[in-house]
Amino acid sequence: MGKLLRGISKNAKFVICDTTDIVARAKDIHECAPTTLDAFGRMLTAGVMMASYLKGSELMTLKTESDGPLKAITVTADAAGAVKGFASDPGADLPRLEDGRYNVPALVGNGYLRVMKDLGLKEPYVGISELVSGGIAKDLAYYYFTSEQTPTVISVSVHLSPEGAVLAAGGYLVQLLPGAEESFITALEQKIDAILEITELLEGGMSLRDIAELLYDDMGSEPKKRVEDFEILEEKSIEYRCNCSRERFRKGLAALGKTELRKIFLEEKEEKLEVVCQFCKTKYYYKADDFKTFLED
């Protein structure tokens with residue numbers, strides 16, 4: 001399981017998370033190529049952080065739609081800390097950049113980011129913004145600024161071994177509160193540019209609380225002091241978890257209608273129907289008897 005820390009200060013609210021186990025689980029399920037895993041891991045990290053502000057049974061879905069080799073990434077997360085997702089082409093890959101980083105921006109390409117929030121209303125909230133970099137973090141900051149008018153600093157990172165194993169993954173998201181001082185987010189951006197990526201901090205043994213302290217340290221003061229005090233609101237476990245079930249897929253197949261199911265089982269004489277969950281790759285098998293009452297009704 002991963003870990004998530006959520007807190008607040010005078011000028012901002014923040015989320016910090018360690019998603020190393022989540023990204024490793026996603027790699028095992030989807031058998032992703034390294035560059036896809038980097039992009040997918042960033043989206044999973046962003047999704048679980050953004051969903052931490054939901055309540056009850058509310059859900060959030062992030063989806064990229066682009067012209068790059070990896071045409072789409074879909075991630076769904078809930079308020080309880082569960083996240084899942086899939087990439088349109090898990091095997092998509094590109095050569096590394098000269099500095100050794102994976103070329104996520106080129107893999108994702110140009111297109112749009114959709115943010116869908118199921119808040120229990122008749123219709124879900126849907127926000128759409130342009131992919132301005134393809135690197136995920138800047139794209140999400142742009143979404144928050146244009147669609148929700150919320151100045152946001154977001155960092156997501158995945159570190160892989162030369163063999164493609166997940167060594168570390170995580171991120172942080174800091175948003176200005178209404179009436180906050182603009183200078184705070186500017187100072188924070190400068191701070192984030194100066195410190196190591198969160199994957200390096202995690203690999204160095206820092207806890208999420210240590211990272212919160214680091215973000216709020218005033219680097220220009222001697223001796224060091226905080227820019228401002230902050231309060232921890234929540235600490236919880238997070239995990240890659242799918243809520244699919246045999247019954248849920250059975251209902252989904254029933255939604256095809258009697259005519260289509262009769263065609264599959266009677267006309268085409270299929271002995272069983274296989275359904276594979278996109279999120280966790282679990283396979284479910286159904287026979288005509290599973291729909292006997294439905295078909296005869």
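The values are calculated or read from the model by the stated rules, or taken from the named source; none is laboratory data. Nothing here was measured: the structure is a model prediction, and the numbers come from that model. We place every Cβ from the backbone using ideal geometry, glycine too, and count neighbours over all the protein chains shown.
Can you say whether Thr45 is within 18 Å of Gly109 (Cα to Cα) and touching a residue at least 24 places away in the same chain (Cβ under 8 Å), as far as the supplied structure shows? Quick ask: steps written out before the conclusion?
On the way: within 18 Å of Gly109 (Cα to Cα): no; touching a residue at least 24 places away in the same chain (Cβ under 8 Å): yes.
So Thr45 does not fit the description; no.
Give the residues of region 20-57 that are within 13 Å of the chain's Cα centre (by Cα) and of a type in the set (A, V, I, L, M), sorted by residue number.
Residues satisfying the conditions are Ile22, Val23, Ala26, Leu37, Ala39, Met43, Leu44, Ala46, Val48, Met49, Met50, Ala51.
For region 98-142, how many residues are in contact with a helix residue (DSSP H, G or I) (Cβ under 9 Å, 6 or more places away or on another chain) and exposed (fewer than 14 other Cβ atoms within 10 Å of the Cβ)?
Going through region 98-142 one residue at a time, the tally reaches 2.
Just for strands (runs of 3 or more DSSP E) wholly inside region 1-111: which have at least 1 residues that are at pLDDT 95 or above and farther than 23 Å from Cys244 by Cα? Break it down stepwise before answering.
Numbers: elements: 2-9, 12-18, 59-66, 72-78, 82-87.
Output list reads 2-9, 12-18, 59-66.
If a residue has to be in contact with a helix residue (DSSP H, G or I) (Cβ under 8 Å, 6 or more places away or on another chain), under 18 Å from Ala12 (Cα atoms) and not in a strand (DSSP E or B) to count, how many in region 151-186 make the cut?
Residues meeting the conditions: 1.
Can you report the number of residues in region 153-171 which are touching a residue at least 60 places away in the same chain (Cβ under 8 Å) and within 13 Å of the chain's Cα centre (by Cα)?
So the count comes out to 7.
Can you work out which of the residues in region 250-285 that are assigned to a strand (DSSP E or B) and among the hydrophobic types (A, V, I, L, M, F, W, C) is modelled with the lowest pLDDT? Talk me through it step by step, then tell me what you get.
Initially, region 250-285 is screened for residues assigned to a strand (DSSP E or B), giving 273-276, 283-285.
So of that shortlist, the ones also among the hydrophobic types (A, V, I, L, M, F, W, C) come out as 273, 275-276.
Working: Leu273: 82, Val275: 90, Val276: 94.
So, considering only residues that are assigned to a strand (DSSP E or B) and among the hydrophobic types (A, V, I, L, M, F, W, C), the one modelled with the lowest pLDDT is Leu273.
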